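Engineer: The following block contains the structure, expressed as structure tokens.
Where a number appears in this text, it was derived from the coordinates with a stated rule and is not lab data. Keep in mind it's a predicted model, so treat the numbers as computed, not measured. With ideal geometry, Cβ positions are generated from the backbone for all residues, glycine too; neighbour counts draw on all protein chains shown.
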Amino acid sequence: MNTIEYGQGAVNNTIGWGQGAKVGGSSFSNTKSILLDGVDDFVNIGTTSLGITTAISVSAWVKIPTSNTGGAAPNIQVIIAEDPTTSSQRNWNLFWRGTGSNYFAWVIHHTNLSISSVVTTGVTPNDGNWHHLLGTFDGTTNANGIKLYLDGVLSVQGTAGSTGINSFSSSEPVIGAVTGGSQWRFEGNIDEVAVWNSDQSANASAIYNSGVPNDIASLSPLSWWRCGDGDTAPTLTDNGSGGNNGTMNNFSTFSTDVPT
């Protein structure tokens, strides 16, 4: 197993609330999530990368129990990633890190194999509460082009060292583990996971929706897995435009614990 030390990036504690796009509908409800055991549970998404090479945004709701300290060294647990931990095949990763670190992280691997990353400070990921994460990257080296929002608020931002995103074709996305599902498995609940091939920074507060998952169909996600709602195990239906259904591995039931 590789031990990875990701850089923190620049921190900006200024909260900027942009109106963004109006999303949501009266008929939308969220009643289910997936509960992963941190041992062998994960969701694999097809067999190939989503193919995102420029701008990207990744959104997810997570609930990490206080008893979860991040697992075995390096105490990293993946929320969703295209990352087999092999250097030339790593694309992007949204994860949390436990013992001795205690942060959420958003990492981009560029086409030149350099890395840009940002990590949260002053938060406790494994507090037993639901949290929303939105990682964005505008695909450029413009100032503060990579951002990580926590619960609708800009938590950290930085300037990428290179443009573009590595898109190794066989590095398929996985929810709750690295590509292939072999390690860094997540323990806790995950809900309403979405990926865009665009920068959704302007819509951070709308996606967070004051702590209640929102209908994001009008934001045209490339892929959107509702993690139980409208799904029949073991399939997590892709409600985005990509048609990238997920398959539950080593678990088959849904949890009724959801963000409220």
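Engineer: Answer with one residue from PRO221, SER117, GLY100: the one whose Cα lies farthest towards the positive end of the charge dipole of the stretch 44-249, charges on Cβ with Lys, Arg +1 and Asp, Glu -1.
Structural biologist: Going by the charge dipole, the pick is GLY100.
Engineer: A further question follows. Say R0 is 25 Å: what FRET efficiency, to the nearest 0.05, do ASN245 and LEU113 get from their beta-carbon distance?
Structural biologist: 0.25
Engineer: OK, next. Sum up the charges of everything whose Cβ sits under 14 Å from the Cβ of ASP199, counting Lys and Arg as +1 and Asp and Glu as -1, but leave ASP199 out.
Structural biologist: Details: positive: LYS147; negative: ASP138.
Around ASP199, the surrounding residues sum to 0.
Engineer: Please compute, for the alpha-carbon atoms of the stretch 117-260, the extent along each of the three principal axes and give them in descending order in Å.
Structural biologist: So the three principal-axis extents are 43, 36, 33 Å.
Engineer: Something else now. Would you mind counting up the charge near PRO84? Only other residues with Cβ under 11 Å from its Cβ, with Lys and Arg at +1 and Asp and Glu at -1.
Structural biologist: Net of charged neighbours comes to -2.
Engineer: Let me ask something else. Taking 0.36 nm per intervening residue step and subtracting the Cα-Cα distance, what contour gain separates THR159 from THR232 on full extension? Please report the intermediate quantities before stating the final value.
Structural biologist: On the way: separation 73, 0.36 × 73 = 26.28 nm, distance 4.11 nm.
Going from the current span to full extension adds 22.2 nm.
Engineer: Something else now. If N is the number of residues in the stretch 114-161, what value comes out of its Cα radius of gyration divided by 2.2 N^0.38 Å?
Structural biologist: Normalised Cα radius of gyration, the stretch 114-161: 1.23.
Engineer: Separate question: Between THR53 and PHE28, what is the FRET efficiency for a Förster distance of 30 Å, r being their Cβ-Cβ separation, to the nearest 0.05?
Structural biologist: 0.45
Engineer: Now for a different question. Take each of the peptides 194-200, 47-53, 132-138, average the number of other beta-carbon atoms within 10 Å over its residues, and list them starting from the highest.
Structural biologist: Going from most to least packed, we get 132-138, 194-200, 47-53.
Engineer: If we sort 172-183, 142-153 on the protection proxy, mean other Cβ atoms within 10 Å, highest first, what's the order? All intermediate terms of the calculation are to be shown ahead of the outcome.
Structural biologist: Numbers: 172-183: 22.8, 142-153: 19.4.
Order by mean packing, descending: 172-183, 142-153.
Engineer: To continue, here is another question. Could you work out the relative contact order of the stretch 77-234? I mean the mean sequence separation of Cα pairs under 8 Å and 6+ apart, divided by the number of residues, in percent.
Structural biologist: 23
Engineer: For n ≥ 4 DSSP H runs only, could you compute -39500 (n - 2.57) per run for the chain, divide by its residues and tell me the 222 nm figure to the nearest 500?
Structural biologist: Only helices count here, giving -500 deg cm²/dmol.
Engineer: With each label point set 7 Å from Cα along the Cα-Cβ vector, what nm distance links ALA72 and THR124?
Structural biologist: Result: 2.8 nm between the two label points.
Engineer: Follow-up. Whole angstrom only: what separates the Cα centroid of the stretch 166-205 from the Cα centroid of the stretch 40-88?
Structural biologist: 5
Engineer: With no solvent and one point on each alpha carbon, what is the Debye value of log10 I(q)/I(0) for the chain at q = 0.07, 0.08, 0.09, 0.10 Å⁻¹?
Structural biologist: -0.19, -0.26, -0.33, -0.41
Engineer: Let me ask you something else. So for each of 85-95, 235-245 I average, over its residues, the number of other beta carbons within 10 Å; can you give me the resulting order with the highest mean first? Before the final figure, lay out each step's value.
Structural biologist: On the way: 85-95: 20.5, 235-245: 17.5.
Those peptides, ordered most packed to least, come out 85-95, 235-245.
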